[in-house]
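Structure first, commentary second.
The values are calculated or read from the model by the stated rules, or taken from the named source; none is laboratory data. From a predicted model like this one, the values you see are computed outputs, not experimental measurements. Every residue, glycine as well, gets a Cβ built from its backbone with ideal geometry; the counts of neighbours run over all protein chains shown. Only protein heavy atoms, including side chains, enter the accessible area calculation; ligands, DNA and RNA are left aside. Shrake-Rupley method; radii C 1.70, N 1.55, O 1.52, S 1.80 Å.
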Amino acid sequence: MLNEIGVTQVTIPLPFRLNHVHCFLVEGVRGWAIIDAGLNNEVSRDIWRPIVEKHDVTDIILTHYHPDHFGYAGTLQQLTNADVWMTEIDAEAALTYWEPDSIAMVNKNYDTCGLPDHLSKVLTSDEKSFNPQVKPYPTVQHYLEEGMKIALGKYEYDVIFTPGHSDGLITLFNKEKSILFSTDHILPKISPNISYWFRGNQNPLQSFITSLEKIKRLDVDYVIPSHGKPFRNANQRIDELLAHHHERLEKTYDSIKQPATIYEVNQLLFRNLNIHETRFAVGETHAHLEYLFLNNQSKKYLQNGTWYYEGI
């Protein structure tokens with residue numbers, strides 16, 4: 001299918017359990033376009049170098065600001081002089097999230113989660129470690145907006161705003177062939193991480209659910225994700241993801257029959273994680289707790305500098 005639609009998949013290894021990200025090379029109106037970039041490291045550099053030497057890359061489209069998609073974009077832009085496109089909300093996040101003031105605020109907020117001694121500093125250090133993997137920052141010339149049309153390969157795609165995994169994540173949909181570049185919004189084997197990060201979207205899980213329902217109305221046939229293999233029947237996978245999160249919400253609610261901290265709930269929902277994964281798990285736990293709170297299914301209060309949640 002990728003060959004049929006004029007798209008070349010560029011898979012970049014990642015140093016995590018989720019060990020790859022799919023980026024894409026497509027011919028656009030002005031020249032060649034790259035969709036997502038990988039981390040700023042030697043692995044990405046070695047993969048992209050021969051590609052940009054052979055293609056006149058005029059545009060870099062970033063689906064969201066997370067390091068495995070955004071990190072190498074600044075260097076790619078320097079190599080190609082291409083214009084960079086992403087949503088305004090994620091561009092703002094990308095250019096501020098790893099800066100010292102933001103990292104200090106993250107550490108302060110982790111301290112309210114009821115984490116064991118020093119774990120907030122360890123998690124903050126993990127977050128901080130991405131700094132060199134996202135710099136140099138690109139200059140974003142164009143903001144992607146809902147309904148914008150972009151010619152990629154043999155077809156034209158609508159930009160669809162699908163927040164949840166990030167506040168400004170987009171997917172790309174071609175109605176003619178019923179094809180969706182689902183980025184990290186819909187993945188074939190795992191649920192994308194939906195985290196509350198103490199900033200930006202106050203209810204990312206609700207946004208994710210709303211975004212899934214939005215895509216479900218399109219009844220997409222063929223899905224091209226950023227992790228894992230392409231697959232058919234988006235609605236079946238959407239139903240699985242919705243069921244997964246409703247099950248998680250039930251478990252989260254059951255865990256706060258008595259007042260509990262974010263970390264206490266996290267320990268009931270997740271097991272056997274490394275530090276990098278623990279950071280995502282705490283964020284996802286918090287997102288589920290905030291969903292319950294904002295849907296009037298729980299209350300929360302701050303006691304001795306720690307948040308507690310209790311079901312209603």
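For region 263-307 and region 104-151, what is the centre-to-centre distance using only Cα atoms, to the nearest Å?
18
Tabulate in residue order the Karplus-calculated ³J(HN,Hα) for region 298-312, using 6.51 cos²θ - 1.76 cosθ + 1.60 with θ = phi - 60°, rounded to whole Hz; enter x for Gly and Pro.
8, 10, 9, 8, 9, 10, 6, x, 10, 7, 10, 10, 9, x, 9
Could you work out the per residue convex hull volume over the alpha carbons of the chain, in cubic angstrom? Present the calculation step by step, with values, prior to reporting the outcome.
On the way: hull volume 37.5 nm³, N = 312.
Once divided by residue count, the hull of the chain is 120 Å³.
Taking 2.2 N^0.38 Å as the expected size of a compact globular protein, what ratio does the Cα radius of gyration of region 1-126 give against it, to two decimals? If you can, show how the numbers build up before the last one.
Working: Rg = 17.2 Å, N = 126, 2.2 N^0.38 = 13.8 Å.
Cα Rg divided by the expected 2.2 N^0.38 Å: 1.24.
Tell me, what is the per residue accessible area of region 1-101 in Å², probe radius 1.4 Å? Show your work: numbers first, answer last.
Values: 4290 Å² over 101 residues.
Heavy-atom SASA per residue in region 1-101 reads 42 Å².
What dipole magnitude, in Debye to the nearest 20, does region 126-251 give about its Cα centre under +1 on Lys/Arg Cβ and -1 on Asp/Glu Cβ?
Details: 16 positive and 16 negative charges, 52 e Å.
Using Cβ point charges on Lys, Arg, Asp and Glu, region 126-251 gives about 260 debye.
Do any of 54/154; 135/177; 189/214; 216/299 go past 28 Å between their Cα atoms, and which?
In this structure, 135/177; 216/299 lie more than 28 Å apart at Cα.
Under 17 Å from a label point 7 Å along Cα→Cβ of residue 301: give me every residue in region 255-294 with its amide N that close.
256-262, 293
What dipole magnitude, in Debye to the nearest 20, does the chain give about its Cα centre under +1 on Lys/Arg Cβ and -1 on Asp/Glu Cβ?
Details: 28 positive and 39 negative charges, 99 e Å.
That gives the chain a dipole magnitude of about 480 debye.
Which of the listed residues, 91, 22, 144, is farthest toward the dipole's positive end in the chain, when Lys, Arg count +1 and Asp, Glu count -1 at the beta-carbon?
Final value for the positive-end residue is 22.
Using a ≥ b ≥ c from the Cα gyration tensor of region 89-166 (square roots of the eigenvalues), is it rounded, prolate or oblate, where a/c under 1.5 gives rounded and otherwise the larger of a/b and b/c decides, a/b for prolate?
Values: a/c = 3.19, a/b = 2.31, b/c = 1.38.
Prolate, since a/c reaches 1.5 and a/b exceeds b/c.
By DSSP, what percent of the beta bridges with both residues in the chain are antiparallel, rounded to the nearest 5? Mind dumping the intermediate values first?
Details: 32 of 46 bridges.
Expressed as a percentage, antiparallel bridges in the chain total about 70.
As a test of reading the structure, rank 145, 277, 264, 176 by solvent-accessible area (1.4 Å probe, protein chains only), most first. Intermediate values should be presented prior to the final figure.
Working: 145 115, 277 30, 264 95, 176 140 Å².
Correct descending sequence by accessible area is 176, 145, 264, 277.
Go from 0 up to the bin containing the longest alpha carbon distance in region 138-251, width 5 Å each, and give me the % of pairs per bin.
Taking every Cα pair in region 138-251, the percentages come to 2, 11, 21, 25, 20, 12, 6, 2, 0, 0.
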